[in-house]
Every structure is written in structure tokens, then in C-alpha cells.
Amino acid sequence: MVNKIEAGETYDFEFTVSGDASGFSGTMNVLQYPGATPTISRAMTKVGNAFKETLTSVETIALYAASEDKSLPWRIHGTTSDIDEDIRDPEILYITKGWVS
């Protein structure tokens, strides 16, 4: 999914898991290029069969400032502890200059 926000806005997203997700843990990685070292990496909150997380306004400002090329999107990639659920289509997030950046 492709989304666009301004730096300084929060961004909520979730990754759903097929089947029973009890006992799974989830991690999100935010990076600008495939294969790059994630700029943000942390555990996601599990709610039912979904993993939910929010990028804060401070984080979106920092991501905009860290962009090597402002025209390229950020990718939010989620993985779970279940081997069948490791590969996910990333969320694509364009961050434009906001009034606070």
C-alpha cells in the first residue's frame, strides 16, 4: 500500500497474520532502500491476528530529515516469529515537508 504524509504527522499501520497468531511476536523495520540498515526497528504490538504500530510525529520528522533523496519513499517492513509469515509486502510511505520540519 502506498501512503503519503507530511513530516510531523503520526502514521498508524498494521500487518495481519493469516491463521492463529497466538504466541507470535512481530518486528517492524523502516528503511529507505531494500537491503539498507533500518533507520527504525522495534517490536510491534499484537492485537488479535494483527500487529499494529504507530510512527510518531518525532519519528516522521527524523525520517524526513534522514532521507537521502526526498523523492524516494520509506518502506515499512513487518516480520513475525513464524517462518511462514516472515516475508511481507512493505507499506510504502512518502514523507513530504511538513510545517514543523
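Nothing in this text is a laboratory measurement; each read-out follows from the coordinates by a stated rule. Given the structure is predicted, the values throughout are model-derived calculations rather than measurements. Counting neighbours? That spans all protein chains shown, and the Cβs are built from the backbone with ideal geometry, glycine included.
Brief remarks follow.
One line per residue, one yes/no per condition, for (1) small (Gly, Ala, Ser); (2) part of a loop (DSSP other than H, G, I, E, B); (3) touching a residue at least 12 places away in the same chain (Cβ under 8 Å); (4) surrounded by fewer than 17 Cβ atoms within 10 Å (Cβ to Cβ):
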site	(1), (2), (3), (4)
8	yes, yes, yes, no
36	yes, yes, no, yes
42	no, no, yes, yes
53	no, no, yes, no
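- Any hit, the stretch 21-32, residues being over 21 Å from residue 68 (Cα atoms), aromatic (Phe, Trp, Tyr) and part of a strand (DSSP E or B): no
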